[in-house]
1. Evaluate E = 1/(1 + (r/R0)^6) for residue 54 and residue 347, where r is the Cβ-Cβ distance and R0 equals 22 Å; express this FRET efficiency to the nearest 0.05.
2. Tabulate in residue order the Karplus-calculated ³J(HN,Hα) for the stretch 149-164, using 6.51 cos²θ - 1.76 cosθ + 1.60 with θ = phi - 60°, rounded to whole Hz; enter x for Gly and Pro.
3. Report the gain in length on full extension from residue 16 to residue 98: 0.36 nm times residue separation, minus Cα-Cα distance, nm rounded to one decimal.
4. In whole Hz, with x marking every Gly and Pro, tabulate ³J(HN,Hα) for the stretch 130-136 from phi via Karplus 6.51 cos²θ - 1.76 cosθ + 1.60, θ = phi - 60°.
5. Among 362-368, 148-154, how do they line up by average Cβ neighbours within 10 Å per residue, starting with the highest?
6. Straight-line reach from residue 314: which lysines have a Cα under 19 Å away, not including same-chain ones fewer than 8 places off?
7. What does the convex hull of the Cα atoms of the stretch 89-221 come to per residue, in Å³, rounded to a whole number?
8. How much area per residue is accessible in the stretch 187-234 when the probe is 1.4 Å and only protein heavy atoms are counted (Å²)?
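The values are calculated or read from the model by the stated rules, or taken from the named source; none is laboratory data. Source: prediction; values computed, not measured. Neighbour counts run over all protein chains shown; Cβ positions are idealised from the backbone, glycine included. The protein model used for the area step is the full one, side chains on, heavy atoms only, and it has no ligands, DNA or RNA in it. Shrake-Rupley method; radii C 1.70, N 1.55, O 1.52, S 1.80 Å.
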Amino acid sequence: MIKVVKFGGSSLASAEQFRKVKAIITADPDRRFVVPSAPGKRNSSDTKVTDMLYHCYALAEDGKDFSEDLANIRARYQEIIDGLGLTVSLDAQFETVREQFAALAGREYAASRGEYLNGVLLAAYLGFEFLDPAECIIFHEDGTYDAALTQKKLSAALAGRSNAVIPGFYGAQEDGKVRTFSRGGSDITGSIAARAVQANLYENWTDVSGVLVADPRIVNNPKVIETITYRELRELSYMGFSVLHEDAIFPVRTAGIPINIRNTNAPEDEGTYIVENTSRRPAYTITGIAGKKGFTAINIEKDMMNTEIGFGRKALQAFEDNGISFEHMPSGIDTLSVLVHQSEFEAREQAVLAEIHKLCNPDSIDLATDLALIAVVGRGMKSSHGTAARIFGALYSADVNIRMIDQGSSELNIIIGVAGVDFEKAINAIYKAFVQ
Ligand code: ASP
């Protein structure tokens, strides 16, 4: 078995966290390839090293003195070195960083040093080999990464190695210029590495015990999802779940490698498996509940709308012409509602309404603002009856008025629109109906 293990910033924020990481890696000899993030927050008021680097580099760009900021970054690493009793020195590396900042080597180069330096330390601490992704994770000039060339270079670089630490978040163009993924991009590095070594499992270690059924800021102590499919996760992520960088799914998904989300601070917890497909039934019929506030519904009414060919196209044309994307479009025989993000719509609303009038000649247009959308997602809904009844029953009992219902043809989700003020109450009611 080969496992690629990625550790997020909070898992590597201090010497104490480094010790936990080492214990996890040495507990399983299959955990051979390790992808670290830069040191993250040690507590809620702390600053991530990546943010410190961006700030420090901005000073360099403005021609200001950045030595104090760089010294503070250095202190973060020194604290880890001292805490672990390592004999490593980062003198040479920090001298290069200082020179490169002064020479304005680029914002992405600057940010990448967080992972690079943490990788140097982690490799020394574990006694693993260090592999610089600048040599084998290749970016195009437009900032996207070259999947084919990277796969070739990275798999060649890792072949024959029994272990390696590969810093996350960055790579380089073929001409050597260092480039980074977008924020949170170490997840992508882990996924690319898992594919390159044809790993059996990609473990993504963070500070929660997996993907939760609902947002813990809304539901008290929600349960962990044992197994979720990529499609379910995509539905939930779209509605605001932040688990993994979106682009981290693709490389492993195409290679059929499952992802296991784990907690560095509770390694005994099994975490969540993210898989292409599974015959395991979700524990509670539904897999997860997510939602977002801040939607507006534009309700268009016209007698005999159902007989007018092209009505829907013309109505949507008004949104397209104003650069507004729509989220949902439930319809009746003489009504059509278009749901949009309120913040996007507000600036263009009069132009959109005027154009709908011009193109569609409706009887009336009515706006409903401050709506919230809730997605109840679950692969298990398709094969069990009564799910919708349970959702609506729960909302009825909680005294929540349902403003809109939309069920995708995939039967993977049911979307419910409620007033923004009912949002938290509605999510709690649905959670209780299924999970408790
Ligand atoms: N350190 C980078 C960030 O803060 C990348 C990562 O942690 O994945 O976004």
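1. Values: r = 29 Å, r/R0 = 1.32.
It comes to 0.15.
2. 5, 4, 4, 5, 5, 5, 5, 5, 5, 8, 4, x, 8, 7, 7, 6
3. Working: separation 82, 0.36 × 82 = 29.52 nm, distance 2.79 nm.
Extending this stretch completely gives an extra 26.7 nm.
4. The phi angles translate into 9, 10, 7, x, 4, 8, 9 Hz.
5. Details: 362-368: 14.1, 148-154: 16.9.
The packing order, highest mean first, is 148-154, 362-368.
6. Result set, ordered by chain and number: 302, 358.
7. Working: hull volume 21.4 nm³, N = 133.
Enclosed volume per residue, from the Cα hull, is 161 Å³.
8. Working: 1860 Å² over 48 residues.
I get 39 Å² per residue for this part.
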